[in-house]
1. Starting from the Cα gyration tensor of the range 6-52, take the square roots of the eigenvalues, sort them a ≥ b ≥ c, and report rounded, prolate or oblate (rounded when a/c is under 1.5, otherwise prolate if a/b is larger than b/c, else oblate).
2. When the helices in the chain are scored as -39500 (n - 2.57) per DSSP H run of 4 or longer and the sum is shared across all residues, what 222 nm value do you end up with, to the nearest 500 deg cm²/dmol?
3. Using only Cα atoms and rounding to the nearest 10 degrees, what angle (0 to 90) does helix 12-21 make with the longest principal axis of the chain?
4. For K187, which aspartates and glutamates qualify as cross-link partners when the Cα separation must be under 15 Å and same-chain residues fewer than eight apart are set aside?
5. What is the extension gain from N105 to E194, computed as 0.36 nm multiplied by their sequence separation minus the C-alpha to C-alpha distance, in nm to one decimal?
6. What is the list of residues in the range 105-130 whose amide nitrogen lies under 15 Å from a point 7 angstrom out from the Cα of Q180, following Cα to Cβ?
7. Using only the alpha-carbon atoms, how far is helix 175-206 inclined from the longest principal axis of the chain? Give it as 0 to 90 degrees, nearest 10.
8. Between R152 and V98, what length comes free when the chain is fully extended (0.36 nm per residue of separation minus the Cα-Cα distance, one decimal in nm)?
Amino acid sequence: MAKNFAAIAYSDAVKEMQEKLGSRATYARMERDTYIDGLTDNEVDFIAQRDSFYMASIGENGFPYIQHRGGPKGFLKVLDSKRIGFIDFKGNMQYITVGNLATNNNVALIMVDYPARARLKIYAKAEIIELKNNPELYDLLDLGDYKFRPERMMVLNIEAYDWNCPQHIIPRYSAEEIEQAFAPQRKRMAQLEEEVKALKAKIKEAGI
C-alpha cells in the first residue's frame, strides 16, 4: 500500500479548507502518524459481509461517475491484503465505468453496514481482466449458482483506506436481516399456537 488515506485525500486545496475551518491540526497528525500496510482482519471480515458497494470512476471530461455494485453477500472477494476483486456481470450495457477505466484507472469505493452504522472508504487502482485471460482468478471469484452472465473481472489494487465516523448513518435493515431478527419470535408464536390447539383438543375431549 503506497500511501495512507490522508496523503491521497488531503490535497493542497483540502488542507487550505481544513486550516480555514479549524480542523487542520487534527488531520495533520493523522496524516503524519497513520500508516496501514494492507487490510487487517477487521476489514477482511467487513468486506466479506457486503452485498453492495458504490464505486466512483473519473471520465475523460473530468466528471466522476458513481455506480452501485451489488450481488449475493460476499460477491466482493478479498484476494490478499492489498487486492479485492469481483466478477462484472452484464447490466444495462452503458459501460460508463469500463469506459472511464480505459483512460483513468483511479477509483474510490464506499461500503456501508447500515445496521452497524459503519462505513469503509477505499482508494484503489482498478484493473480489468477478461474472463478468458485468467481462468484461475475466475475460479476464485466465481459465485456458483448466481444466475447472471459474467462479462469481465475487476481487480482493485488498494492504495489506501479509512473508516468513516458513524455520524448521520441512519440504520437500515434488509428483508433478510429483518427476517432473521424476527425468527425467534415467529418460532415462539408457532409453539404457542400449537400449545393452544392441544389445549383446546383436551378441553373438547373432557367435554368442558
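1. prolate
2. -11500 deg cm²/dmol
3. Helix 12-21 and the main axis of the chain meet at about 70 degrees.
4. Partners found: E179, E195.
5. 26.0 nm is the gain from fully extending N105 to E194.
6. Counting backbone N atoms under 15 Å from the label point, the list is 113-118.
7. Result, in degrees: 0.
8. 18.4 nm
The values are calculated or read from the model by the stated rules, or taken from the named source; none is laboratory data. Predicted model only: the values in this text are computed from it and were never measured. FYI the Cβ positions are ideal-geometry reconstructions off the backbone, even for glycines, and counts take in every protein chain you see. Note: areas computed on protein heavy atoms with side chains; ligands, DNA, RNA excluded. Shrake-Rupley method; radii C 1.70, N 1.55, O 1.52, S 1.80 Å.
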